[in-house]
Structures are given as structure tokens and as C-alpha cells.
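To start, the structure itself, in C-alpha cells.
Computed from the coordinates by the stated procedures, all read-outs in this text should not be read as laboratory data. The shown structure was predicted, so the numbers you read here are calculated from the model rather than taken from an experiment. For neighbour counting, all protein chains shown are included, and Cβ atoms are generated from backbone atoms with ideal geometry for every residue, glycine included.
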Amino acid sequence: MELAELARRIDAISARYAQIYGFERDGDWLMLKVQEEVGELAQAWLAKTGRQRDKGLTPAEIDERFALELADSIGMLLAFAQVTGVDVERAMDAKWLVWDRRTNQRDDTLDADERALEGRALRGEDAVGPGAARAASASAHDDREDPA
């Protein structure tokens, strides 16, 4: 499933939830839900890494809870993106995947063409220009680590 389709489906489920329980589901509410879910993810991580009591859960149940809380956090972020009009696929390309098209991997060494790649990707424009060509060529032969 494409990320945009996943975001649309999760947003529809979240909207249905708000309708059933009778509250306004706007950007503010979704941002607060993101915070809530990330807090629950942090609790699940503490349990998974043995830094919180197990609350009677088996290791398999702890792992499952962690996976579900991670999914909950991602789901709320996707719903938030839908409500605020963010094209997640385009934004991820502009923020993360643009690094595959860059020759230089450090922000402080980017030339003007490479710095412009992020903006062009966010606007949905094809990466063009000498920096893009160098970056595309280098990414095919580049063994450097990811930026994360």
C-alpha cells in the first residue's frame, strides 16, 4: 500500500472515531493525540528495554504492545498530515530521500544546486541542474552512511 493511501485510510478511521464519540477533530486535537501516542510509545519502549516493570506481560506481549504503539504514533502523524494538507510522500522525499541525490552528505558542504534539491522535491519538481546530475551519479556509487 502506498503511503498516501495509508494516510487517507487512517484519516478516515480517525474521523469516524471523532464522529462516533462526538468531538471536534481538528489540527490541534490531532497534534495533542500525536503527543499522547508518542508518550505511550515511550512507555512501551521502556518496557521492551527492561527499564520499566513488566506489569505481568510476557516478552511477546511487550513486543506486541511496542509494535502497536509505534503504529498508533505513525497513524496519528499520518492523520495529522492529512488534516493539515501535507503530502507526506513529497515531504519525505524532500526531507530524507533527497540525500540519495546529493553528492555531499553534510549540510555545511552543500553547493547551491544541492541545497535547492530539497525545495524542488517539496514542490514536486524533478531534480534538475548540475548538482542533481552529480548527486544522481554519486548516489549510484556512494557507500556513505545514511544521514539518520
Under 11 Å from a point placed 7 Å out from the Cα of E89 along the Cα-to-Cβ direction: which residues of segment 4-39 have their backbone N that close?
4-7
I'd like the Kirkwood hydrodynamic radius of segment 36-79, using the inverse of the mean 1/r over distinct C-alpha pairs, in Å.
10.4 Å
If you consider only alpha-carbon coordinates, what radius of gyration and Dmax does segment 13-52 have, in Å?
13.7, 38
Going residue by residue through segment 42-57, the Karplus relation 6.51 cos²θ - 1.76 cosθ + 1.60 with θ = phi - 60° gives ³J(HN,Hα) values, rounded to whole Hz and with x marking Gly or Pro, of 4, 4, 5, 5, 4, 5, 5, 9, x, 10, 8, 4, 7, 6, x, 8
Calculated FRET value between Y17 and Q105, using beta carbons and R₀ = 35 Å, to 0.05
0.25
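In units of 2.2 N^0.38 Å, what is the alpha-carbon radius of gyration of segment 1-116? Let's see the in-between values first.
Numbers: Rg = 18.3 Å, N = 116, 2.2 N^0.38 = 13.4 Å.
Expressed relative to 2.2 N^0.38 Å, the Cα Rg reads 1.36.
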Which chymotrypsin sites (Phe, Trp or Tyr not before Pro) in segment 53-121 sit in a loop by DSSP (not H, G, I, E or B) and have at most 16 other Cβ atoms within 10 Å of their own Cβ?
W96
